[in-house]
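Remarks on the structure that follows.
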Amino acid sequence: MKILVINAGSSSLKFQLINMDDGDVLAKGLCERIGIDGRLKYTKKGCEQIVVDIPMPTHGEACRATTDYLVSAEHGVVSSMDEISAVGHRIVHGGEKLTKALLVTDEVKAELEKVIPLAPLHNPAHLIGINACQEVMPNIPHVVVFDTAFHQTMPEKAYLYALPYKYYTDYAIRRYGFHGTSHRYVSARAAEMLGKPIEELKIITCHLGNGSSISAVQGGKVIDTSMGFTPLAGLPMGSRTGDMDPAVLPFIIEKEGLNATELNDLMNKQSGVLGISGVSSDFRDLEVEAKKGHHLSQVALDMFEYSVLKFIGAYAAAMNGVDAIVFTAGVGENNIGLRERVIGGLSYLGAAIDPVKNDVRGVERDVSADGAKVRTLIVPTNEELVIAQDTMKIAQSL
Ligand code: AMP
């Protein structure tokens, strides 16, 4: 069975065609500049990426360009669209009601519309993407898979904010958490690597990339996670603030007269390690600058690591222990020094890293020191595969 995974943004559409028999990615790519001019970046398995300018006034043309390439004589990977069994759509926000993967129906679309205020940048684009793909591929099932779904098991004490309760009932203001598909995948893989049922494990999953979040997964269920109402909360990130005293916001508004849009821009795009360093939101750039002696690049890296350490400590406390700490995403999978320093700061928990085993990037591996009570694992994430698996299950059940 072959499943097409789609991640639609406001002016982009990412895709992967996955062969579910072996998990192979047959082709992947990105349509960008939709609504501006249009460009397709397309990589067939084992081939170099090609880049073609194709007019894409709407997501419809982007979707059409994608499917044209997937079946084309020169670049294609399937002989006809009939070989594609279903389409899985990544959705950032499912709100409180959309808590598991679902077949796209008119009711599901209506519920997605209702959730738009919670993710005004993402969900409208997802809906446009779904409609465009349904037009181009009307005869196969379309499935939606939510980033927020895996976090829906959090108890009230973890997901409520200490605002007057009516803000929860009236506006659904609460912690939702994000990167759920990634936390789900890596925690499940961790249990497999440890050879134990996930129901018996306490796992802390650290998704550390340009956007970062940490989750406490107890018995296979999230009991707490660092992101919140939006993906701004928790750790300081590439260009996002992470947690801070909310009173800073009215203070800045008073000082600089910013409106809500400007404030959101400041917190999401100009802050984090970029804001502190003044250099870059990319952790590799910061490492280069810090090595050259740039003080604020080092401070930004230190702030990030310190925050990772604090969240792990907090979640170990929340679960009254931890069996495994998992690192994933760009920084988690690749930053050898960060893993070593963070785990070095958790010796009180019984975690210890083997520096030789840890000297790798982007491979799945148990990097714990022999005899360490708390295991340290690297698990490269694979959100697309999870979306494809969920989609396949639903397609097969029809
Ligand atoms: P992601 O959002 O998961 O794609 O992660 C992007 C972040 O991962 C960027 O800040 C990169 O600097 C960081 N990253 C990627 N590769 C490496 C590497 N080899 N060493 C350190 N950081 C890396």
### Cα centroid separation, segment 1-50 to segment 281-355 (Å)
32 Å
### Message
Can you give me the Rg/Rh ratio for segment 271-331, using Cα atoms for both radii and the Kirkwood formula for Rh?
### Response
1.09
### Query
Toward the positive end of the charge dipole of the chain, about the Cα centre and with charges on Cβ (Lys, Arg +1; Asp, Glu -1), which of Ser79, Gly228, Ala119 goes farthest?
Gly228
### Neighbourhood charge, 9 Å Cβ-Cβ cut-off, centred on Ile6 and excluding it, Lys, Arg +1 and Asp, Glu -1
+2
### Task
Report Rg(Cα)/(2.2 N^0.38 Å) for segment 14-140, keeping two decimals.
1.10
### Query
In degrees, nearest 10, range 0 to 90: what is the angle between the Cα axis of helix 123-136 and the longest Cα principal axis of the chain?
30 degrees
### Task
Mind checking the full-extension length gain between Ala369 and Val248? Use 0.36 nm per residue of separation minus the Cα-Cα distance, one decimal, nm.
39.3 nm
### Query
Measuring from label point to label point, each 7 Å out along Cα→Cβ, what is the Asp82 to Cys47 span in nm?
2.3 nm
#### Entry: Rounded tilt (10° steps) of 295-318 against the dominant C-alpha axis of the chain
90 degrees
## Note on the structure
Residues other than Leu160 with Cβ under 9 Å of its Cβ, Lys/Arg counted +1 and Asp/Glu -1, net out at +2
### Query
Counting DSSP beta bridges with both partners in the chain, what percentage is antiparallel, nearest 5?
65 percent
### Message
Rounded to the nearest 20 debye, what is the charge dipole size of the chain about its Cα centre when +1 sits on each Lys and Arg Cβ and -1 on each Asp and Glu Cβ?
### Response
580 debye
#### Entry: For Gly350, net neighbour charge (Lys/Arg +1, Asp/Glu -1) across residues whose Cβ lies under 12 Å away
+1
### Task
Measure nothing fancy, just the Cα-based angle from helix 106-115's long axis to the longest principal axis of the chain, in degrees from 0 to 90, nearest 10.
40 degrees
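None of the figures in this text is laboratory data; all of them are computed from the coordinates on show. Predicted, not measured: the structure shown is a model, and the values here were computed from it. Note that we place each Cβ from the backbone using ideal geometry, even for glycine, and neighbour counts take in every protein chain shown.
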